[in-house]
Amino acid sequence: MKQKDQSTPPRWATRFLHWYCRPRLLEDLEGDLNEYFERNVKRKGIKKARLIYAIDVIKFMRPYTIRKIEFFTLFIHWIMIGSYFKTSRRSLVRNKLFSLINIVGLAVSMSVGLLVISIVADLYSYDDFQEKKDRTYRVITKTKEKGQSSEMKLASTSIQVGEKIREVIPAIEDVSIIRPGFSGDATVGDATVGDAKVGEATFPLEATWADNSFLKVFSFPLIKGDVVTALKDPYSLVLTEKTAKKLFGESDPLGKTVRFDTVNYVVTGVVQDVPKLSHMSFEALISLASLDAGHKDADLHSWANIWQNYVYVTFPEKTDPATLQAALDRLSKQENKSLTNRTVSVSLQPLKDIVLGESVSNNIGPAFTPPVMWTLCGLALVIILSACFNYTNLSVARSMRRSREVGIRKIIGAQKSHVLGQFMAESVIIALLALVFSFALFLVLRKQFLGLDRHVTDVFSLEISFRTILYFILLAIVTGIAAGFMPALFFSKMNALQVMKDASNMKLFRRIGMRKVLIVVQFTLSLIFIAGTLIGYNQYKGLITFDLGFKTENIINIRLQGNKGQILATELSQVPAVKEISQSMMITSLGSIHGTNLTYKTDSSMVWLNNVDEHYLPLHQHKLLAGKNFQLRPEKGKESEIIVNQQVLKRFNIANQDPEKALGTIVKVDGQKLTIVGVLKDFHYGSLENKIEPVMFRYSADPASYLNVKIASKDLPGTLASIKSAWQKVDKVHELDAKFYDEQIEEAYAQFSLMIKVIGFIAFLAICIASLGLFGMVVFTTETKLKEISIRKVLGASEVGLIYLLCKGFLILLVISTLIALPLTYMFFDKVVLTKFPYHQSISLTEMLGGSLFVMLFAFFLIGSQTVKAARNNPAKVLKSE
């Protein structure tokens, strides 16, 4: 029998032929195909014969073989569709509780889907306004230090790359070079605040240097000025509309002067404000030629200066990017000959892949890797599937009630497709009803999501457009189809005899009920989310309270914003609560890094750096293993001392890593010979995601960027007000930018906090939806077993025994879910997630079992509340008609 089945043509191909072929041609065509099939079986074997048969069936699908759609048949189908909707409406009204559970579950799950659709739509909409987006590329950099196996990918590159592309590669339309980071105080002579003239006034302003091709490559429309010359000359300044109004009010800014320090810039243009969904943002543009005006910095144009410059290339239409990439490879090979400690190579990145593309450092705007987007979509899919499982469970559970309806339909001539269409239509209607409620929930979720963090508001707009509305409707239809497919298939396969029996015990696998499998899957996913949230929260708390190797308590870091640190320190010393003050170039352990090459003998490598004064180490309570602290600030160009951590001794094997013997060792930093005068115990400089690395402190004569202020106060608001007052004496233009060190550490790991909140929210929704489904199943089970319960009570069964009898099956399923979920969660975090964090916390038993215990108790409450109600029914009322 088995051999006979294998020797027949593919069943799906035969059905397809019957579906499309005209009846008068079908018999002859099918006979010929079968004859050729039998001949091919003998000559070429069964597998090739079946393949040839399928191909022939598709090849014969021609205009003369395709059957015509009869008007009457089409009319009948439209009548049936109307019948589907009418029957579906009646079913929803008749089963109010189950309909409510399905609609609420689908609405809650789809609201998450709508949010994810809006997020993904925003990510794909970045830079859509750029007219040349399909043929504009950013040049990115890959650099590799000598002696290291891994390479670093940067969004930035050298200015020389842009200049060389212009010189040696003719097959391009245009090249633009930009350099973000200009920050200063803009002084205007006739400022306008509101409608009032205030004379000379100063405003803080952040700008980007850009060359004369910038406005040709990018679609930032120029409202005033000439695109060809706006950024051509040195000290040319192009303002955005918002900035122009801030500086000059409603008056025409063209030709007016804006002073930064002692340099005057002439306004040569005004552009429209930068759209929110742009990977770059600026308040003003300054001509790149201004950097070289007066004096040319050779290092600025060097091939190795790859950290702050960005190059964009626009191709002519129908140009192959591979041609330019080959030229860039040759250019990299040639220029790397002049480098000794690293290699630099450049490649192309499409403009549309900047925000949602490969992971690179030094991005000037938001950036997400595709796995982040797919993770979001995956989380939403899990929630939607959970609601679909509820629908499937409850629909199949009610199979006895619906079986008579199906039987009558089939007896009067309904085909499988009609029954299938009926139940699919019903599920789509429920999904569309749920969409109305989910949209209201989405509006609430959108507001909450945008309010999670200021960075979220900066990156996403989540505006509702016609396109997103179509996606919303499509989501509802697809969800309805997914939810109703299994029940529809289940009912359509019943025959007239089967429908008179209880079909609720349909098996998905041998001896395993489909409903049980879906319940286990639902609660397994819910438990994974809950356990993952608890583990993630514990890891986050561990990150922000981790021993960094120095103290951060009661330290306020004040950004100087161009002011002299010593002047502000003098003012702050008058505040009684201020106990210690130090100065530094940067704030460590927040993820920011700054490095330079250190050379010992013939060995050279990048070492992380912070410039500090003599008060910095005592204030932060760094531990000196050997040597002394800095003494007096050196004059410019006369620096002689350096303090390093243990990792520097290890990296260069200085004095066999002995701190005492390392004192007095001379190293070379940026061409200067410096003497090691102190060795610090290792501490965390960058992020806790990385291992402790070599770090050095220099006592530089360069101006500091931050004041580190240690306070001791019982009146914190009063102390902060005094600090603000001291700031305003020094700087009347900028707002005080002061934050507690501990708060900055929390902000540095805010993305982890945000992720935990999102996963926690998903976990909450998952358990709510799963519990809704469980509640529906318990209600249905107790309703169907009322007579059994009553008979058992008459025979002497106790309420406790009855509750145990009804709860046992559901609780066993929850235990199975726990036994599956917890090992999976532990393995995922222990072997995958936490391996990326060298200083992670260990996973505790409380985190693993806490969520499971909560779910078990909540599920027991749901089950118990219904079973107690059923167990307390009066048997006489239930059995009175028996």
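Values quoted throughout were computed directly from the atomic coordinates according to the rules given, and no laboratory measurement underlies them. All values derive from a computational prediction rather than experimental measurement. Glycine also receives a Cβ, built like all others from the backbone with ideal geometry; neighbour counts cover every protein chain displayed.
A few comments on the model shown:
- Full extension of the segment from residue 167 to residue 151, taken as 0.36 nm per residue of separation minus the current Cα-Cα distance, would add 3.0 nm.
- Note on segment 132-187: Lys pairs 8 or more places apart or on different chains, Cα atoms under 23 Å apart, count 8.
- Cα gyration tensor category, rounded, prolate or oblate, for segment 109-166 with a/c compared to 1.5: oblate
- Within the straight-line cut-off of under 14 Å between alpha carbons, the aspartates and glutamates reachable from residue 739 are 553, 747, sequence neighbours fewer than 8 places apart in one chain being disregarded.
- Each peptide in 213-219, 550-556 gets a packing score, the mean of other Cβ atoms within 10 Å over its residues, and the list from highest to lowest is 213-219, 550-556.
- For the pair segment 116-133 / segment 235-267, the C-alpha centres are spaced 31 Å from each other.
- For residue 628, the aspartates and glutamates whose Cα falls under 18 Å of its own Cα, not counting residues fewer than eight places away in the same chain, are 613, 614, 639, 641, 658, 660, 682.
- A straight Cα-to-Cα reach below 26 Å connects residue 732 with the lysines 197, 242, 245, 246, 256, 564, 579, 710, 724, residues fewer than 8 places away in its own chain not being considered.
- With R₀ fixed at 45 Å, the C-beta to C-beta distance from residue 675 to residue 232 puts the FRET efficiency at about 0.35.
- In this label model, residue 835 and residue 67 are separated by 5.7 nm, measuring between points 7 Å along each Cα→Cβ vector.
- Here the calculated FRET efficiency for residue 478 and residue 564, from their Cβ-Cβ distance with R0 = 60 Å, stands at 0.45, rounded to the nearest 0.05.
- Here, segment 555-746 has an Rg and a Dmax of 17.5, 55 Å when only alpha carbons are counted.
- The chain: projected area of the alpha-carbon convex hull, averaged over directions, in nm²: 53.9 nm²
- Note on the chain: with charges restricted to the Cβ of Lys and Arg (+1) and Asp and Glu (-1), its dipole about the Cα centre is near 5800 debye.
- Linear extension gain, residue 751 paired with residue 200, 0.36 nm per residue minus alpha-carbon span: 194.2 nm
- Of the DSSP H helices in the chain, those whose Cα atoms cover at least 27 Å axially and whose Kyte score averages 0.0 or more: 71-94, 96-125, 370-397, 416-450, 466-492, 514-544, 750-784, 799-828, 845-871
- Between residue 744 and residue 100, the simple label model (points 7 Å from Cα in the Cβ direction) yields a spacing of 5.5 nm.
- The slack in the chain from residue 666 to residue 272, taken as 0.36 nm per residue of separation less the alpha-carbon distance, amounts to 136.3 nm.
- Kirkwood hydrodynamic radius of segment 133-353, Cα pairs, Å: 18.7 Å
- Net charge of neighbours whose Cβ lies under 10 Å from the Cβ of residue 657, counting Lys and Arg as +1 and Asp and Glu as -1: +2
- Residue ranges 164-172, 686-694 sort as 686-694, 164-172 when ordered by packing (mean number of other C-beta atoms within 10 Å per residue, highest first).
- Surrounding net charge for residue 620, when Lys and Arg each add one and Asp and Glu each subtract one, Cβ distance under 15 Å: -2
- Placing a label point 7 Å from the Cα of residue 452 along the Cα-to-Cβ direction, the residues of segment 744-778 whose backbone N falls under 12 Å of that point are 750-763.
- The alpha-carbon positions of segment 214-290 define a convex hull whose volume is 94 Å³ per residue.
- Whether segment 2-59 is rounded, prolate or oblate, judged on the alpha carbon gyration tensor where a/c under 1.5 counts as rounded: prolate
- Length-normalised contact order of the chain in % [C-alpha pairs under 8 Å, at least 6 apart]: 13 percent
- The distance between label points at residue 27 and residue 860 comes to 7.1 nm (points 7 Å beyond Cα on the Cα→Cβ vector).
- Neighbour net charge for residue 677 - beta-carbon separation under 9 angstrom, K R +1, D E -1: 0
- Averaging the sequence gap over all C-alpha pairs within less than 8 Å and six or more residues apart, then dividing by the number of residues, gives segment 587-697 a relative contact order of 37 percent.
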